[in-house]
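The values are calculated or read from the model by the stated rules, or taken from the named source; none is laboratory data. Just so it is clear, the model here is predicted, and its values are computed rather than measured. Methodologically, a virtual Cβ is constructed for each residue, glycine included, from the backbone with ideal geometry; neighbour enumeration extends over all protein chains shown. Side chains are part of the model used for accessible areas, which takes the heavy atoms of the whole protein and leaves out ligands, DNA and RNA. Shrake-Rupley method; radii C 1.70, N 1.55, O 1.52, S 1.80 Å.
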Amino acid sequence: MARRKTAIPLFLLCSLHIHFILILNVHAILDPIDFLALQSIRKSLQDMPGSTFFSDWDFTSDPCNFSGVFCDSDRVVSLNLGDPRAGSPGLTGRIDRAIGKLSSLAEFTVVPGRIYGRLPESISDLKNLRFLGISRNFISGEIPSGLGGLRLLRTVDLSFNQLAGVIPPAIGSLPELTNLMLCHNKLTGSIPRFESKTLSRVDLKHNALSGSLGPNHFPPSMLYLSLAWNQLTGPVDQLLNRLEQLNYLDLSLNRFTGPIPGSIFSFPLTNLQLERNQFSGPVRPLDQVSIATVDLSYNRFYGQISPMLASVQNLYLNNNRFTGRVPASFVNRLLDSSIQILYLQHNYLTGIEISPTAVIPLRSSLCLQYNCMVPPVETPCPLRAGKEKTRPIAQCNQLKG
């Protein structure tokens, strides 16, 4: 007797078909090009002792479930290599050129570790890249010039490596660039002019950069600028006048010259570090200064000390050419502990209204050594201030002349 065929209702067939499509979409097979690229990247990197980051990178399973791999449909869009938790040992090895095959990649980061060798030029093929972060490793060689062609880049952090050569000029023309951190490398040459209207953070300290900065070198959108420990020269007063949104500025240990604008003291800064340059001219804030720390030491500033600076908590004016008497407002704020550090040593000051019996609060520091006066109070000074209490009269008379 023939077995009777049972017809499956049409609505049930449709339901099964839709369910199957949903399963395919949720578990889309990774694009073969991305799959092979991840394999090559894995082969060139290893866990440092104590790190288990690659323990789940089993290529018999779905790579989109690997640690640090994030996919959109069948493409890798984010690759974060290494355990991001503080104190993680990180990874060692080289970044394989296959990274350039991940054409949908928008974010690429590597945690601090011992990654060495050059950044592969193929990174310049990542046209969708928005975030590049490989800091605190041992990357050497030059920054790939093609990075300047990645028009969607917003953040570049290659700080604390061993990069040499110049900053590719095309990086300055990236239209979306917001953050550029290249500090603590061995970069040389000049700083490119930046055209991005959204650039807010630039940290280039501890390199060997040289040259001068034009009035429009950085956009008015800047919030954080650190160029310390380089060999930069020339005036910056016109540039600084435009950067009125800055909340952090460090230009120390360069060879900048010329005056500083009085308006800079009205910026919303928490720190102003201009020490160890060749700045000159008077220092004339427009109003009471609310910046917590101001360091103008080791320059060539001259003229009288403005009472507008008496509201600064930590003030370094030492090793300049300031003259005249110290305003009484400084003494009042020092004695009530509002000023914690007041370094005035190695200037040409002629007096300060303070009683020889005045008691300087324990948490406050005052140094008056090596001026054109005998310090009226004995206070501990930094060792580098030397042992001489008073500047030779001949030097004081020479400045008057």
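Here is how the numbers come out for the structure above:
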{"quantity": "Among Ile29, Ile264, Ile134, residue whose mean-square fluctuation peaks in a GNM of the chain (springs only between Cα atoms under 10 Å)", "calculated": "Ile29"}
{"quantity": "The chain, accessible area per residue, ligands and nucleic acids excluded (1.4 Å, Å²)", "calculated": "49"}
{"quantity": "Debye log10 I(q)/I(0) for segment 258-400, one point scatterer per Cα, at q = 0.14 Å⁻¹", "calculated": "-0.61"}
{"quantity": "Lysine-lysine proximity count for the chain, Cα under 26 Å, sequence distance 8 or more or distinct chains", "calculated": "8"}
{"quantity": "Positive-end residue, segment 258-400 charge dipole about Cα centroid, Cβ charges, pick of Ile264, Pro392, Gly351", "calculated": "Pro392"}
{"quantity": "Of all accessible heavy-atom area on the chain, the percent that carbon and sulfur account for (1.4 Å)", "calculated": "54"}
{"quantity": "Descending semi-axes in whole angstrom, ellipsoid equivalent of segment 234-342, from the Cα gyration tensor", "calculated": "21, 16, 12"}
{"quantity": "Largest-first principal axis extents of the Cα set of segment 69-158 (Å)", "calculated": "31, 31, 22"}
{"quantity": "Per-selection Rg to Rh, segment 51-112 - Cα, Kirkwood hydrodynamic radius", "calculated": "0.95"}
{"quantity": "Rg over Rh [alpha-carbon atoms, Kirkwood Rh] for the chain", "calculated": "1.19"}
{"quantity": "Range in the chain, longest, excluding exposed GluC sites (Glu not before Pro) [loop by DSSP; at most 11 other beta-carbon atoms within 10 Å]", "calculated": "1-377"}
{"quantity": "Surface accessible to a 1.4 Å probe, Ile360 within the full protein complex, Å²", "calculated": "40"}
{"quantity": "Cα Rg, Dmax, segment 146-244, angstrom units", "calculated": "12.4, 34"}
{"quantity": "Centroid-to-centroid separation of segment 90-151 and segment 298-317 [C-alpha atoms, Å]", "calculated": "45"}
